[in-house]
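The values are calculated or read from the model by the stated rules, or taken from the named source; none is laboratory data. Just so we're clear, the structure is a prediction, and the values are computed from it rather than from any experiment. Here the Cβ positions follow ideal geometry from the backbone for every residue, glycine too, while neighbour counts run over all protein chains shown. Quick note on the areas: whole protein, heavy atoms, side chains included, nothing else; ligands and nucleic acids left out. Shrake-Rupley method; radii C 1.70, N 1.55, O 1.52, S 1.80 Å.
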Amino acid sequence: MSAERTLVLVKPDGVRRGLVGEIVSRLEGKGLALVALELRTLEKSVAETHYGEHASKPFFGELVEFITSGPLVALVVEGPRAIEGVRGLMGVTDPVKAVPGSIRGDFALEIGENLVHGSDSPESAKREIDLFFPGLG
Ligand code: DAT
Ligand code: MG
């Protein structure tokens, strides 16, 4: 299967807690190639666009506040079935339910501070990569 790209974010909690190296190491260990990597603090408008699908949810305001609360690390990684592969490394959204061995399962407890983002479909991956790194999606 041809290589696929996906957007990964080490969210501000991951940067604050010093887990960037650990998380990038897991991506590299899995065999994913780094295509782009940048430390960046998001503008509110970029955060709202990135999480646009959740605009009507009750947690949207908190989510945007959290994701703009400090620098995050945005990455594009590439590999066969990269989207599904990253989602597996991350674990499910609620870190208490995420299996041990996954990033969220090993390092997080709260749904609002779950350390990582990974695109959930080829369409989202293209949209999200082009938002962060225009032309790479
Ligand atoms: P994921 O990040 O696993 O793709 P999602 O797209 O459903 O999950 O939600 C995006 C983020 O929003 C998620 O990482 C954390 C936050 N979130 C989701 N559901 C939530 C909830 N019920 N309460 C608070 N925050 C929530
Ligand atoms: Mg999502």
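Residues are listed down the side, and each one gets a yes or a no for (1) closer than 19 Å to residue 7 by Cβ; (2) polar (S, T, N, Q); (3) within 11 Å of ligand 2 (Cβ to nearest atom):
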{"residue": "58", "(1), (2), (3)": "no, no, no"}
{"residue": "68", "(1), (2), (3)": "yes, yes, no"}
{"residue": "93", "(1), (2), (3)": "yes, yes, yes"}
{"residue": "103", "(1), (2), (3)": "yes, no, no"}
{"residue": "110", "(1), (2), (3)": "no, no, no"}
{"residue": "127", "(1), (2), (3)": "yes, no, no"}
The correct count of residues that are part of a loop (DSSP other than H, G, I, E, B) and either more than 8 Å from ligand 1 (Cβ to nearest atom) or without any contact (Cβ under 8 Å) to a residue 40 or more places away in the chain (or both) in region 53-97 is 16
Being closer than 16 Å to residue 127 by Cβ, at pLDDT 95 or above and crowded, with 19+ Cβ neighbours inside 10 Å narrows 55, 74 down to just 74
Residue in region 126-136 that is in contact with a His (Cβ under 7 Å, 6 or more places away or on another chain), farther than 13 Å from residue 8 by Cα, among the aliphatic types (A, V, I, L, M) and assigned to a helix (DSSP H, G or I) present: no
| request: State yes or no: is residue 82 modelled with pLDDT of 95 or more, within 16 Å of ligand 2 (Cβ to nearest atom), in contact with a Ser or Thr (Cβ under 6 Å, 6 or more places away or on another chain) and farther than 19 Å from residue 114 by Cβ? | output: yes
Over region 1-48, the set of residues of a type in the set (Gly, Ala, Ser) and without any contact (Cβ under 8 Å) to a residue 60 or more places away in the chain is 18, 21, 25, 29, 31, 33, 45, 47
Of the candidates 28, 38, 22, 43, the one satisfying the condition of being of a type in the set (Asp, Glu), more than 14 Å from ligand 2 (Cβ to nearest atom) and surrounded by 13 or more Cβ atoms within 10 Å (Cβ to Cβ) is 22
Taking region 98-125 and the residues there that are assigned to a loop (DSSP other than H, G, I, E, B), within 10 Å of ligand 1 (Cβ to nearest atom) and open to solvent by 50 Å² or more (accessible area, probe 1.4 Å), the one that is nearest to residue 30 (Cα to Cα) would be 120
When every residue in region 112-125 that is within 17 Å of residue 63 (Cβ to Cβ) and not hydrophobic (A, V, I, L, M, F, W, C) is compared, the one farthest from ligand 2 (Cβ to nearest atom) is 113
